[in-house]
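**Student:** Sharing a structure here in structure tokens format.
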Amino acid sequence: MTERSNIQALIDKAETTHTLTKDELVTLLQDRQYEAEVFAAADRVRQKYVGDEVHLRGLIEFSNRCKQNCLYCGLRRDNSKVSRYRLDVDTIIDFAVKAKSYGYRTVVLQSGEDEWFDVDKMVDIIKKIKELGLAITISVGEKSREVYQAYRNAGADRYLLRIETTDKELYEKLDPGMSWDNRMRCLYDLKELGFELGSGCLVGIPGQTVESLADDILFFKEIDADMIGVGPFIPNPDTPLADEAGGTFELSTKVMALIRLLLPDINIPATTAMESLNPQGRVLALQRGANVVMPNVTEGEYRQLYLLYPGKICINDTPAHCRSCITGKITGIGRKVSETHGYRVKRA
């Protein structure tokens, strides 16, 4: 069998059976010659299983304070160069009301691990937003099972907690003071409590191998995640990893495409970080397996202060402009903005 026929056979297997072994994933991740075929297969699977609608989720970044100290993150506790903020409850609700007026059916409440937002405050926020008829995704880090249960009881629909890497040694090196086992506990708790579970990985972090990326993809399939976000590692100058090389757009979208092939009916966002590396990043991601975009509906200076990584796009735009801009990009490639809440529909 020639190399081309061997690679094509693996792509065909992934497209038709939605299974690959770790070695087969490594082969596809290492190949540079037939990436276009991988992307085309992912796009066909996306079209077959989730259709041409793109789900928009309005992102509210409500606090950039964080107790954790992850080496790659601009919001890390020890970064003294960040101007810290937290929105009050009324402002968060106001942004959600405006998101609804722009046509969003889901809001994503995202923050650093800020303990000022205790369970009572979060439950209050969730209940008030739920009254608007919106679906709610929470992304506030590691909590106890009891806290997750309280969020769920209040009406939260989805929870986003990226594993970043399934390599335990690498995880604990990059996330000092954090436990890989506890991260896993959180993911399984969230799944058992009935959340739509979102996770994901960073591509290109120092010390990562293609083997560990293959493990990441297989892990997402094993836990039957409902949404997976993949982003390139972009070194932040105010972190210990400032001088590292960073991830590439091509490998990030290839990981995303392989996730689509193995988890054909899940939701996959075209992440903002993709566009920080490529001016057409989100459009290309939508053509390589993605079906979700999460435009920022946070207003004012806060958009500029939630700096996970440098070069973040759209920090000077208004939410209304972001909504019209992304709609134009979506319709420009023959896709349409969904008018549903965008829950996963299991078809595989």
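**Student:** If you fit an axis through the alpha-carbon atoms of helix 180-192 and take the longest principal axis of the Cα set of the chain, what angle between them do you get, 0 to 90°, nearest 10?
**Tutor:** Taking the Cα atoms of the chain, the angle to 180-192 is about 80 degrees.
**Student:** If exposed means no more than 13 neighbouring beta carbons inside 10 Å and the site is in a DSSP loop, what's the longest run of the chain without any exposed GluC sites (Glu not before Pro)?
**Tutor:** My reading of the result: 132-300 is the longest stretch.
**Student:** Output the Kirkwood hydrodynamic radius of the chain, Cα pairs only, in Å rounded to one decimal. Kindly include the intermediate steps, with their values, before the conclusion.
**Tutor:** Numbers: mean 1/r = 0.0493 Å⁻¹.
About 20.3 Å, per the Kirkwood formula over Cα pairs.
**Student:** Starting from the Cα gyration tensor of segment 120-268, take the square roots of the eigenvalues, sort them a ≥ b ≥ c, and report rounded, prolate or oblate (rounded when a/c is under 1.5, otherwise prolate if a/b is larger than b/c, else oblate).
**Tutor:** Details: a/c = 1.87, a/b = 1.55, b/c = 1.20.
Judged from the Cα gyration tensor, segment 120-268 comes out prolate (a/c at least 1.5, a/b above b/c).
**Student:** Please work out whether segment 25-152 counts as rounded, prolate or oblate from its C-alpha gyration tensor, where a ≥ b ≥ c are the square roots of the eigenvalues and a/c under 1.5 means rounded, while otherwise a/b larger than b/c means prolate and anything else oblate? Could the numbers behind the result be given before it?
**Tutor:** Numbers: a/c = 2.28, a/b = 1.43, b/c = 1.60.
Here segment 25-152 falls in the oblate category.
**Student:** Then there's this: Pop the C-beta distance of SER83 and LYS336 into the FRET formula with R0 = 41 Å and round what comes out to the nearest 0.05.
**Tutor:** On the way: r = 39 Å, r/R0 = 0.95.
Calculated transfer efficiency: 0.60.
**Student:** Relative to the present Cα-Cα distance, how much length would full extension add between ASP224 and VAL119 at 0.36 nm per residue of separation? Please report the intermediate quantities before stating the final value.
**Tutor:** Values: separation 105, 0.36 × 105 = 37.80 nm, distance 2.73 nm.
Gain on extension, ASP224 to VAL119, equals 35.1 nm.
**Student:** Something else about it: Taking a cut-off of 16 Å between Cα atoms, list the lysines near LYS81, but don't count ones fewer than 8 places away on the same chain.
**Tutor:** LYS67
**Student:** How long are the semi-axes of the ellipsoid equivalent to segment 76-149, from square roots of 5 times the Cα gyration tensor eigenvalues, in whole Å, largest first?
**Tutor:** In descending order the semi-axes read 22, 17, 11 Å.
**Student:** Say we join alpha carbon atoms closer than 10 Å with springs in a Gaussian network model of the chain; which of LEU28, LEU132, LEU262 then has the biggest fluctuation?
**Tutor:** Of LEU28, LEU132, LEU262, the most mobile in the Gaussian network model is LEU132.
**Student:** I would also like to ask the following. If R₀ is 35 angstrom, what is the calculated FRET efficiency for the pair TYR343 and ARG32, using the beta carbon separation as r and rounding to 0.05?
**Tutor:** Working: r = 36 Å, r/R0 = 1.04.
After rounding, the FRET efficiency stands at 0.45.
**Student:** Continuing with the same structure: Please report, in whole Å, how far the alpha carbons of segment 270-345 spread along each principal axis, starting with the longest.
**Tutor:** Principal-axis extents of the Cα atoms in segment 270-345, largest first: 34, 24, 23 Å.
**Student:** Here is a follow-up. Among ILE234, ILE125, ILE138, determine the one that fluctuates most according to a GNM of the chain built with springs between C-alpha atoms less than 10 Å apart.
**Tutor:** Its mean-square fluctuation being the largest, the pick is ILE125.
**Student:** Taking the chain as a Gaussian network, Cα atoms linked when under 10 Å apart, which of LYS81, LYS312, LYS254 shows the biggest mean-square fluctuation?
**Tutor:** It is LYS81.
**Student:** If you fit an axis through the alpha-carbon atoms of helix 35-50 and take the longest principal axis of the Cα set of the chain, what angle between them do you get, 0 to 90°, nearest 10?
**Tutor:** For helix 35-50, the angle is close to 60 degrees.
**Student:** Something else: Considering only protein heavy atoms and a probe of 1.4 Å, how much of the accessible area of the chain is carbon and sulfur, as a whole percent?
**Tutor:** Working: 6720 of 13600 Å².
Carbon and sulfur together cover 49 percent of it.
**Student:** Follow-up. Treating the angle as unsigned and between 0 and 90°, give the value, to the nearest 10°, between the Cα long axis of helix 319-332 and the longest Cα principal axis of the chain.
**Tutor:** Taking the Cα atoms of the chain, the angle to 319-332 is about 20 degrees.
**Student:** For the residue pair THR248 and GLU172, what label-to-label distance in nm results when each label sits 7 Å from Cα along the Cα-to-beta-carbon direction?
**Tutor:** For the pair THR248/GLU172, the computed spacing is 3.2 nm.
**Student:** Can you tell me how segment 287-331 classifies by the Cα gyration tensor, rounded, prolate or oblate, using a/c under 1.5 as the rounded cut? Please list the in-between numbers first.
**Tutor:** Values: a/c = 2.62, a/b = 1.48, b/c = 1.77.
Oblate is the answer for segment 287-331, as a/c is 1.5 or above yet b/c matches or exceeds a/b.
**Student:** When each pair of different Cα atoms in segment 1-48 is counted once in the 1/r mean, what is the Kirkwood radius in angstroms, to one decimal? Walk me through the numbers before you get to the answer.
**Tutor:** Working: mean 1/r = 0.0921 Å⁻¹.
Radius from the Kirkwood sum: 10.9 Å.
The values are calculated or read from the model by the stated rules, or taken from the named source; none is laboratory data. If you're wondering where the values come from, they're calculated on a predicted model, not measured in any experiment. Virtual Cβ from ideal backbone geometry, glycine too; neighbours counted across all protein chains shown. Remember, those area values only see protein heavy atoms, side chains included, never the ligands or the DNA or RNA. Shrake-Rupley method; radii C 1.70, N 1.55, O 1.52, S 1.80 Å.
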